[in-house]
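In what follows, a single structure is set out as structure tokens and then discussed.
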Amino acid sequence: MERSLVLVKPEAFARGLTGEVLRRIEAKGYRLVALSILTPPRELLGRHYAEHEGKPFFESLMAFMSSGPVTAIVIEGEQCIAGFRSLAGATDPTKAAPGSIRGDLGRDWGQGSTQNVVHGSDSPESAAREIGLWFPELSG
Ligand code: DAT
Ligand code: MG
């Protein structure tokens with residue numbers, strides 16, 4: 001049974017969209033395994049987004065993601081990694097298809113960072129690594 005890490009990002013948390021994201025996950029049929037609300041420390045975010053270190057958008061991504069509380073969620077279900085990526089939609093919320101979380105609930109707010117409502121793990125390896133970072137009590 002596959003698991004994935006989902007984050008409701010600060011701007012979406014602040015707009016009260018956690019419930020809507022959870023509703024879509026549950027309506028799809030995935031199970032909620034763990035949920036936590038926290039303002040992510042920079043150290044955690046640096047490890048979470050290690051693959052993007054050095055890229056032009058890295059600093060604005062760090063600043064945005066540490067700007068307030070997020071909801072971190074572990075979901076479970078057959079193929080939930082690809083399934084949640086499909087629910088989330090394309091990275092750029094302007095281009096994300098209507099019907100997707102990012103397409104329906106996100107937009108460019110002219111903030112200089114891509115604020116796209118949610119994160120979802122992109123592979124089984126990423127999911128295991130990310131769940132270990134955000135929910136160490138679930139690993140091992
Ligand atoms: P995703 O979140 O769809 O997996 P990603 O892992 O490539 O996308 O990037 C992580 C986050 O970084 C993404 O949600 C928003 C931001 N980002 C990615 N590419 C960007 C770009 N070209 N310019 C600005 N922000 C970007
Ligand atoms: Mg990614």
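Quick one: dipole size for the chain, taken about the Cα centre, charges +1 on Lys/Arg Cβ and -1 on Asp/Glu Cβ, in debye to the nearest 20. Please report the intermediate quantities before stating the final value.
Working: 15 positive and 17 negative charges, 61 e Å.
Dipole about the Cα centre, nearest 20: 300 debye.
With a sphere of radius 14 Å drawn around the Cβ of SER67, what net charge do the other residues whose Cβ falls strictly inside it have (Lys, Arg +1; Asp, Glu -1)? Walk me through the numbers on the way to the answer.
Working: positive: LYS9, ARG15, ARG42; negative: GLU11, GLU59.
Neighbourhood net charge equals +1.
Please report the carbon-and-sulfur percent of the accessible area for segment 1-131; probe 1.4 Å, protein heavy atoms only, DNA, RNA and ligands left out. Walk me through the numbers on the way to the answer.
Numbers: 3320 of 6430 Å².
On segment 1-131, the fraction of accessible area on carbon and sulfur atoms equals 52 percent.
Can you compute the helix-only [θ] at 222 nm over the chain? Use -39500 (n - 2.57) per DSSP H run of at least 4 residues, normalise by all residues, nearest 500 deg cm²/dmol.
-10500 deg cm²/dmol
With a 1.4 Å probe and every protein chain left in place, work out the accessible area per residue of the chain in Å², rounded to a whole number.
For the chain, the solvent-accessible area averages 50 Å² per residue.
I need the calculated FRET efficiency for the pair GLU53 and ALA27, taking r as the beta carbon distance and R₀ as 30 Å, to the nearest 0.05.
Plugging the Cβ-Cβ distance into 1/(1 + (r/R0)^6) gives 0.25.
Within segment 6-27, whose backbone N sits under 18 Å from a point 7 Å along Cα→Cβ of ILE37?
6-24
Could you tally the net charge around THR91, taking each other residue with its Cβ under 11 Å from the Cβ of THR91, Lys/Arg +1 and Asp/Glu -1? It would help to have the intermediate numbers written out before the result.
On the way: positive: ARG85, LYS95, ARG102; negative: ASP92, ASP122.
In short, +1.
Starting from the amide H of ALA34, placed 1.01 Å from N in the peptide plane, find each other amide H under 5 Å away whose residue is 5 or more places distant or on another chain.
Amide H neighbours of ALA34, under 5 Å, 5+ apart: VAL74.
Please sort 10-20, 36-46 by packing, taking for each peptide the average over its residues of neighbouring beta carbons within 10 angstrom, highest first. Intermediate results must be reported in sequence, preceding the final value.
Working: 10-20: 16.7, 36-46: 13.3.
My ranking of the peptides, most packed first, is 10-20, 36-46.
What is the sum of charges around GLY132, taking Lys and Arg as +1, Asp and Glu as -1, for the other residues whose C-beta is under 13 Å from the C-beta of GLY132?
Values: positive: ARG3, ARG47, ARG129; negative: GLU125, GLU130, GLU137.
Residues close to GLY132 contribute a combined charge of 0.
Between segment 91-140 and segment 1-56, what's the alpha-carbon centroid distance in Å?
For segment 91-140 versus segment 1-56, the Cα centre distance is 6 Å.
Mind checking which of SER60, GLY103, CYS80 is farthest towards the positive end of the chain's charge dipole, using Cβ charges of +1 (Lys, Arg) and -1 (Asp, Glu) about the Cα centre?
Highest projection toward the positive end goes to GLY103.
The values are calculated or read from the model by the stated rules, or taken from the named source; none is laboratory data. Here the structure is a predicted model, which means the values were calculated and not measured. Note that each Cβ is placed from the backbone with ideal geometry, even for glycine, and that neighbours are counted across all protein chains shown. Ligands, DNA and RNA are excluded from the accessible area calculation, which covers all protein heavy atoms including side chains. Shrake-Rupley method; radii C 1.70, N 1.55, O 1.52, S 1.80 Å.
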